[in-house]
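Undergrad: Quick one: the structure is below, questions incoming.
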Amino acid sequence: MQDPCSIVRNRGMGEMLRYILKETCEDFRDVNPRLEHNYCCGAGSGVINYGPPWKLVRMESGRTKMKQLKATGAKIVIAPCHSCHKTIEEMIQHYKQDMHVMFINELLVQTMEIPDALKVVKEPKKENSE
């Protein structure tokens with residue numbers, strides 16, 4: 001779980017996000033340090049939009065973040081923020097890690113159980129009679 005500045009530091013929603021993940025995931029592994037002490041992804045304040053010349057700087061500054069994520073042994077990283085998602089995705093590729101980054105809504109959709117009463121039932125096709 002990446003703790004984005006805009007969601008965790010500014011809005012204090014870190015525990016709420018973790019509650020959702022713990023209820024959704026079979027094997028939730030938290031990072032250390034976490035919440036407002038979690039390491040920054042390095043893309044904040046618009047740095048992600050500075051273009052290709054700054055990408056290597058972001059990758060190098062993300063080395064600590066990548067070590068932190070790798071230490072969990074997790075294969076999926078949840079990043080609720082678009083900037084964090086993009087940067088962590090790029091870091092996974094740059095550092096050749098066996099991980100995948102997802103938004104929290106992707107995880108929720110993949111793990112959602114639809115009650116039978118809400119499932120769409122397809123009616124059999126009617127044959128045309130002539």
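Undergrad: Please report the relative contact order for the stretch 5-112, taking Cα pairs under 8 Å with a sequence separation of at least 6, and give it as a percent rounded to a whole number.
TA: Numbers: 100 pairs, mean separation 26.4, N = 108.
Relative CO of the stretch 5-112 lands at 24 percent.
Undergrad: Cut-off 10 angstrom, C-alpha nodes, Gaussian network model of the chain. Which of Pro53, Pro80, Pro33 fluctuates the most?
TA: Most flexible of the set in this elastic network: Pro53.
Undergrad: A further question on this structure: I'd like the per residue volume of the convex hull spanned by the Cα atoms of the chain, given in cubic angstrom.
TA: Spread over its residues, the Cα hull of the chain gives 186 Å³ apiece.
Undergrad: Sticking with this structure for a sec: Please arrange Glu15, Glu90, Glu113 by how many other C-beta atoms lie within 10 Å of their C-beta, fewest to most.
TA: Glu113, Glu15, Glu90
Undergrad: Just to confirm my understanding: which cysteines in the chain have no other cysteine beta carbon less than 4.7 Å from their beta carbon?
TA: Result for the chain is Cys5, Cys25, Cys40, no neighbouring Cys Cβ within the cutoff.
Here, each number is a calculation from the coordinates, and none is a lab measurement. Just so it is clear, the structure is predicted and the values come from calculations on it, not from any experiment. Note that we place each Cβ from the backbone using ideal geometry, even for glycine, and neighbour counts take in every protein chain shown.
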